[in-house]
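Worksheet for the structure shown next.
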């Protein structure tokens, strides 16, 4: 049977991408979902083992920086839509190796735009190029206020600068070439299958192994937390119902100081692991602050609620409980991704 739509998801073996791919494959059996991923350290085929044999799912191991292979893939499948998640995303790594972030996040996005432009030259009205970005492009907030879709860009790290650049590229193709684009900028995601270089899984993993819990500065930096499954629902909604040329901010309305969040995870895990003496808090170690560390992020997600009806489905406490339980019940997955060189490198990373 001919697929109703052929959708490319880039970075679909990663944290957010795997949740998006799983949702689309299960929700739209008449779509063909093609997952293109380079399989870097954060891209793991094990994230999708439950759907890998589904008839409407295919995997292609391709680097978005490989222009020739990207064009060949588009020629092969004639995609109706692109959901672009592939990116280098860890701020610390962008500080130590900015070039890699420019190549992947900017040049890689350009390759996808050019391939889409070529394939869709004659029938753009039925197509969508959906670019997923971050709230970090907006810079840093003070104690009050929220990022909205019209907030001026003010990136502070090579990572956020690379994402800001790719956002501008996507919008330029909309204005210059009439490319049917949609964009979204999200707050910090949390949930299952996240590589433990990021705050929540790193803290969970270190507590389980009674290792130090490194916290930048005094831990006063504030982040807004979005459950990854709610983000996947928002992406599905924007792809199908969002307006061409529009940007949507996606946030969880869950602002937490880093240190308060670390304390909360410590207390939850002490209870779940039967550590009666609240010993996990003693593992906290304050370290030198990250260069250019943004103080606060917070998203106003009223546009996507008012226009598309989306809002978070779980409270932060509910989502965090689900997340912690998943890592405790999937220690084999956690041990596998943190083994060998992964563990050696990321044990040195700060939050």
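Can residue 7 be described as within 14 Å of the chain's Cα centre (by Cα), at pLDDT 95 or above and in a strand (DSSP E or B)?
Values: within 14 Å of the chain's Cα centre (by Cα): no; at pLDDT 95 or above: yes; in a strand (DSSP E or B): yes.
Considered against the rule, which asks whether it is within 14 Å of the chain's Cα centre (by Cα), at pLDDT 95 or above and in a strand (DSSP E or B), residue 7 comes out as no.
Could you name every one of the strands (runs of 3 or more DSSP E) located completely within region 20-131 that has at least 1 residues being at pLDDT 95 or above and out of contact with any strand residue (DSSP E or B) (no Cβ under 6 Å at 6 or more places or on another chain)?
Values: elements: 31-37, 57-61, 81-84.
Answer list for region 20-131: 31-37, 57-61.
Quick one: in region 248-286, which of the residues that are touching a residue at least 60 places away in the same chain (Cβ under 8 Å) and in a loop (DSSP other than H, G, I, E, B) is nearest to residue 135 (Cα to Cα)?
Only one residue tops the list, namely 251.
Please specify each residue of region 61-76 satisfying the condition of being within 18 Å of residue 5 (Cβ to Cβ) and crowded, with 16+ Cβ neighbours inside 10 Å. So that I can check it myself, show each step before the final result.
So the first thing to find is which residues in region 61-76 are within 18 Å of residue 5 (Cβ to Cβ), and the list is 73-76.
Within region 61-76, 73, 74 qualify.
State all residues of region 172-204 that are more than 18 Å from the chain's Cα centre (by Cα) and either in a loop (DSSP other than H, G, I, E, B) or free of Cβ contacts under 8 Å to residues at least 40 places away in the same chain (or both); if no residue qualifies, say none.
Listed by number, the residues that qualify are 172, 175, 176, 178, 179, 180.
Quick check on region 252-268. Is at least one of its residues on the phi > 0 side of the Ramachandran plot, surrounded by 14 or more Cβ atoms within 10 Å (Cβ to Cβ) and modelled with pLDDT under 95? So that I can check it myself, show each step before the final result.
Just the residues of region 252-268 that are on the phi > 0 side of the Ramachandran plot, to begin with: 253.
Filter again for surrounded by 14 or more Cβ atoms within 10 Å (Cβ to Cβ), leaving 253.
After this cut, where a residue has to be modelled with pLDDT under 95 as well, the list is 253.
Yes, that holds for at least one residue.
The values are calculated or read from the model by the stated rules, or taken from the named source; none is laboratory data. In this text, all values refer to a predicted model and were calculated from it rather than measured experimentally. No Cβ is skipped: glycine too gets one built from the backbone with ideal geometry, and neighbour counts run over all protein chains shown.
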